1. Per residue of A:203-215, what is the mean number of Cβ atoms on other protein chains within 10 angstrom of that residue's Cβ?
2. Counting only Cα atoms, I'd like the Rg/Rh figure for chain A, Kirkwood definition for Rh.
3. Work out the FRET efficiency for B:ILE208 and B:ILE79 from their Cβ-Cβ distance, taking R0 = 22 Å, and round it to the nearest 0.05.
4. Tell me the trypsin sites (Lys or Arg not before Pro) within segment A:109-182 that lie in a loop according to DSSP and have at most 16 other beta-carbon atoms within 10 Å.
5. Exactly which GluC sites (Glu not before Pro) in segment A:1-74 are in a DSSP loop and have at most 13 other Cβ atoms within 10 Å?
6. Order the peptides B:134-143, A:64-73, A:127-136, B:72-81 from the highest to the lowest mean number of other Cβ atoms within 10 Å of their residues.
7. Along Cα→Cβ, 7 Å out, is where each label goes; now give me the distance between the ones at A:VAL193 and A:GLU139 in nm to one decimal.
8. Shielding by partners for B:207-217, please: the mean number of other protein chain Cβ atoms within 10 Å of each residue's Cβ.
Amino acid sequence: MDIKLKIWRQKNASTKGRFEDYDLKDVSPEMSFLEMLDYLNKQLIEGGKEPVTFEHDCREGICGTCGLYINGRPHGPLTHTTTCELHMREFKDGETIIVEPWRSKAFPIIKDLAVDRSAFDKIMHAGGFINVDTGSSKEANAIPINKKIADRAFDAAVCIGCGACVAACKNSSAMLFVAAKVSQYAMLPQGKVEAADRVQRMVEKMDELGFGYCSNTYACEFDCPKGISVEFIAQMNREFISAKMCSHKNH
Amino acid sequence: MKQSTLKLSSLSHKFILALAGLFLMLFLSTHLLTNLLMLTGDSSAFDQAVEFLSTNPIIKVVEYVLFAAFIIHIIFGVIVWLNNNKARPVKYYVASGSETSYFSKFMIHTGLIIFVFLVIHLVNFYFVKLGLVAVPEYASDSHDFYAMAVVLFKEPLYSLIYVVCFIFLGFHLKHAFQSAFQTLGLNHDKYFPAIKVISTIYALVISIGFSIIPVYFYFFH
Ligand code: HEM
Ligand code: SF4
Ligand code: FES
């Protein structure tokens with residue numbers, strides 16, 4: 001199949017970017033979206049041109065680096081699919097595909113389609129951890145956990161930190177990501193120790209980094225490749241309210 | 001880490017916005033019930049309700065809470081909107097194709113239309129009661145809202161503006177009702193689908209309920 005590409009090119013964070021058009025011939029429908037970009041880059045390099053910078057690592061939907069905004073949807077037209085899991089058979093022969101980077105004040109562009117998502121790391125540093133004793137490892141099953149709660153915590157834990165929720169949200173809000181992390185820890189006994197501090201610290205950091213407020217638009221849930229539910233946002237809201245109202249101040 | 005008590009987090013902002021909004025929705029329900037008394041054929045039932053509402057001391061206190069709720073809701077709504085505008089300085093070339101709670105995108109717009117309506121409404125009715133606006137000659141006293149409504153709703157443009165504003169209020173409420181529950185942390189698959197349905201019903205009841213009154217006076221009175 002032949003496709004037309006319109007790709008955002010930008011040298012670095014301080015220069016102005018622009019769209020560049022490419023005609024790509026003989027694309028196999030079996031190619032993944034990233035393989036299609038590799039194929040384009042090979043031709044650009046052979047033609048002595050600068051290849052398109054995009055992020056990728058695992059190429060199997062688990063690392064969360066490959067986010068691209070494709071034809072108006074983070075990770076492209078399929079639901080519950082990362083860009084690396086998207087295949088060219090989802091597009092029509094002759095179709096124009098427009099590829100943009102995540103757009104958010106908190107995710108500045110590094111180059112072309114690659115953005116700096118270290119804001120998520122900063123939120124994690126603020127509270128996305130649990131304290132553990134050092135020394136010999138403990139018996140793994142020493143703490144009983146209700147199966148339903150363990151499953152629910154796992155539903156939150158599948159978040160891969162890709163940032164599609166921020167990219168999808170009209171307010172660039174990071175609520176779904178933060179809610180997934182806060183909820184995951186808050187449900188498990190090991191995470192309960194710091195729960196009240198954690199939610200306040202992570203929300204404070206999220207606000208400080210310039211993410212928007214949550215308008216309960218729910219675009220995040222729709223575009224999350226891992227199907228994280230906005231019920232976790234409600235859970236974080238509960239955690240936050242009770243932490244503000246009931247916990248003792250120690251920060 | 002020290003956090004000043006004055007600087008509210010995004011979640012606290014939304015929490016207060018939602019609480020004020022919930023109170024306003026309760027107020028809208030009682031206001032609608034009172035207004036529907038105008039459809040009884042004569043003014044007596046409505047006048048009695050107005051008499052009660054303007055003399056009862058508890059209602060007087062609630063009135064202050066209502067003003068506070070409006071002011072807080074409007075100020076916080078504008079703050080949320082201003083901050084959200086800053087979060088994406090460079091917009092996308094292709095507009096988002098994601099499925100969303102549709103009216104959530106236009107809350108500030110529908111909100112501002114409600115605000116303009118609110119000002120017109122206060123000038124026409126509430127400020128007359130307060131003595132800030134002169135009692136029109138066709139009303140017997142400053143509480144004769146029935147006579148004021150009859151004359152105002154006979155004007156086609158006024159009735160039209162009134163109905164259009166309530167359609168926009170309906171758009172606001174369609175998203176707002178269920179959104180407030182989500183903001184307060186009350187989303188669970190046991191009951192949230194029902195809350196979404198109630199949200200739509202509430203929005204329809206309020207916008208149709210209030211709109212019936214000018215339509216009745218314009219065509220049938
Ligand atoms: C009687 C009139 C009104 C009622 C009953 C009402 C109710 C509500 C409720 C319940 C919410 C949901 C809060 C949440 O998302 O948790 C909301 C949101 C909102 N309201 Fe109102 N509202 C009214 C008037 C206004 C006015 C006059 C404005 C003027 C600016 C306004 C601006 C907003 C905005 C901007 C939001 C959305 C904030 C966001 O993006 O999350 N509202 N309203
Ligand atoms: S919540 Fe979903 S969209 Fe957001 S970072 Fe996690 S996996 Fe990506
Ligand atoms: S490359 Fe790892 S999730 Fe796509």
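1. That works out to 6 on average.
2. Here Rg/Rh amounts to 1.04.
3. 0.10
4. Values: sites: A:LYS111, A:ARG117, A:LYS122, A:LYS138, A:LYS147, A:LYS148, A:ARG152, A:LYS170, A:LYS181; in loops: A:ARG117, A:LYS138, A:LYS170.
Taking segment A:109-182 and a limit of 16 other Cβ atoms within 10 Å, the loop trypsin sites (Lys or Arg not before Pro) found are A:LYS138.
5. Working: sites: A:GLU20, A:GLU30, A:GLU35, A:GLU46, A:GLU55, A:GLU60; in loops: A:GLU30, A:GLU55, A:GLU60.
Sparse-neighbourhood loop GluC sites (Glu not before Pro): A:GLU30, A:GLU60.
6. Highest-to-lowest ranking by the protection proxy: A:64-73, B:72-81, B:134-143, A:127-136.
7. 1.9 nm
8. 0
Quick note: the coordinates plus some simple rules give every number you see, no bench work behind them. As the structure is a prediction and not an experimental result, all values here were calculated from the model. All Cβ positions, glycine included, derive from the backbone under ideal geometry; neighbour counts span all protein chains shown.
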